[in-house]
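The values are calculated or read from the model by the stated rules, or taken from the named source; none is laboratory data. The structure displayed is predicted, hence computed values, not measured ones. Don't worry about glycine lacking a Cβ; one is built from the backbone with ideal geometry, like all the others, and counts go over all protein chains shown.
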Amino acid sequence: MRLVTFDEYRIGAWETDGIHDLTDLLEPVPPFAAPYRMNAFIAGFEGLREQVQARRMSGPAIDIEAVRLRAPSPRPRNFLAAPRNYVDHGAEMQGSLGSGGGTPKDLGLFVKASGCLAGPTDDVELPPIDDRRFDHEGELGVVIGRAARGVDADHALEHVFGYTLVLDATMRMTDTLREERTMRKSFATFSPSGPCLVTTDEIPDPADLTIRLWVDGDLRQEGHVRDLIVDVPGLVAMASSVLELEPGDLIATGTPAGVGPIHPGEVITVGAEPIGRMRLPVIRRAW
Ligand code: MN
């Protein structure tokens, strides 16, 4: 099933005829809590399964073009990400991007502020900081389903609810300016995610996925998840060895080769079947 979060953080199943609204299957919440609905939906999914299936078959459906899509899991309590995690991207980091260094095997994971999540058609807003390079990193996102604390890799996928896409936009360091990675990667809008969340019954093995990224239609990145240095089960196990992962938590798995700069006026597309595509205009931030 393809799940979306849309408009004022409503939850829907995205079927061939459009979005089937599932929001009223959950307890009503005040507006400030609406962004947390997906966490509750995922946590309660087993109990909702039959109602969800019935709703998927019944109308009316909402035209996907008529809604504002949000990040499918818009308020992960924990939003973790892998540093270089493909062998080929590691080579280019050593070569020209100046931050070479380690993989998750020796560096582990880092944090992206969840406030930098954005929707799959939102603008990527580059802050007005002169003489700095901003890069695209297209990545697979893993969404946690069942709480995970100290799970081993053999059981890690049992704790995954589904998969989405994440753009891990990044301000590069320079020789003299070496801010924390968390700050360089957490500017507002620097983590568009979507277009949907595909449940694991439709993606039994994430290693079968291929992530692609285009800038203005030119293919810049193409990575096979099978080539991850630390694979999806390994990343979930690693994260769960640090703290307890909760339903809705998000892990960005690292980016393949082809990372490059982005500029206002360009349009980034990130895609992977069967998840779909995000279309992300790059603009100069207005504040
Ligand atoms: Mn990244």
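Mind counting the residues in the stretch 1-43 that are without any contact (Cβ under 8 Å) to a residue 24 or more places away in the chain, farther than 20 Å from E246 by Cα and not in a helix (DSSP H, G or I)?
3
Within the stretch 200-243, how many residues turn out to be of a type in the set (D, E), assigned to a loop (DSSP other than H, G, I, E, B) and touching a strand residue (DSSP E or B) at 6+ places or on another chain (Cβ under 7 Å)?
Matching residues across the stretch 200-243 total 1.
State which residue is surrounded by the fewest Cβ atoms within 10 Å (Cβ to Cβ) when the search covers only the stretch 153-180 and only residues that are over 22 Å from the mean Cα position of the chain (by Cα) and either under 20 Å from A118 (Cβ atoms) or hydrophobic (A, V, I, L, M, F, W, C) (or both).
L177
Those residues that are surrounded by fewer than 22 Cβ atoms within 10 Å (Cβ to Cβ), under 13 Å from V160 (Cβ atoms) and not hydroxyl-bearing (S, T, Y), I need them from the stretch 186-202; list them, please.
Matches in the stretch 186-202: D201, E202.
Name the residue, out of G12, G18, that is closer than 17 Å to G119 by Cβ, modelled with pLDDT of 95 or more, outside the structural domain of I144 (by TED's automatic domain parsing) and surrounded by 16 or more Cβ atoms within 10 Å (Cβ to Cβ). Give the steps one after another, and end with the answer.
On the way: G18 fails: closer than 17 Å to G119 by Cβ.
One residue alone meets the criteria, G12.
Output the residues belonging to the stretch 175-197 that are within 16 Å of the ligand (Cβ to nearest atom), closer than 17 Å to F110 by Cα and assigned to a loop (DSSP other than H, G, I, E, B).
Residues satisfying the conditions are E179, E180, K185, S186, F187, F190.
When only residues in the stretch 133-152 that are more than 16 Å from the ligand (Cβ to nearest atom) and surrounded by 16 or more Cβ atoms within 10 Å (Cβ to Cβ) count, which is nearest to A207 (Cα to Cα)?
V143
Test P60 against the stated conditions and say whether it is touching a Phe, Trp or Tyr at 6+ places or on another chain (Cβ under 9 Å) and in a loop (DSSP other than H, G, I, E, B).
Spelling it out, it is not the case that P60 is touching a Phe, Trp or Tyr at 6+ places or on another chain (Cβ under 9 Å) and in a loop (DSSP other than H, G, I, E, B).
Is there any pair linking a residue in the stretch 152-179 that is over 18 Å from G276 (Cβ atoms) to one that is of a type in the set (S, T, N, Q), with Cβ under 6 Å and at least six apart or on different chains, and which?
Hits for this filter: V160/T200; M173/S99.
If you scan the stretch 244-269, which residues turn out to be of a type in the set (V, I, T), outside any loop (DSSP other than H, G, I, E, B) and under 26 Å from L107 (Cα atoms)? Please lay out each step first, then the result.
Within the stretch 244-269, the first condition is being of a type in the set (V, I, T), and the residues that meet it are 251, 253, 255, 259, 262, 267-269.
Still in the list and also outside any loop (DSSP other than H, G, I, E, B): 251, 267-269.
Of everything in the stretch 244-269, just one residue is of a type in the set (V, I, T), outside any loop (DSSP other than H, G, I, E, B) and under 26 Å from L107 (Cα atoms), namely I251.
Over 18 Å from V259 (Cα atoms) and either at pLDDT below 95 or small (G, A, S) (or both), is that true of S99?
Numbers: over 18 Å from V259 (Cα atoms): no; either at pLDDT below 95 or small (G, A, S) (or both): yes.
No.
Looking for something away from the ligand (no atom under 13 Å from the Cβ), on the phi > 0 side of the Ramachandran plot and assigned to a loop (DSSP other than H, G, I, E, B) - is there at least one such residue anywhere in the stretch 155-174?
no
Considering only residues of the stretch 219-241 that are over 23 Å from A40 (Cα atoms) and of a type in the set (V, I, T), which is surrounded by the most Cβ atoms within 10 Å (Cβ to Cβ)?
Per the stated criteria, the residue is V225.
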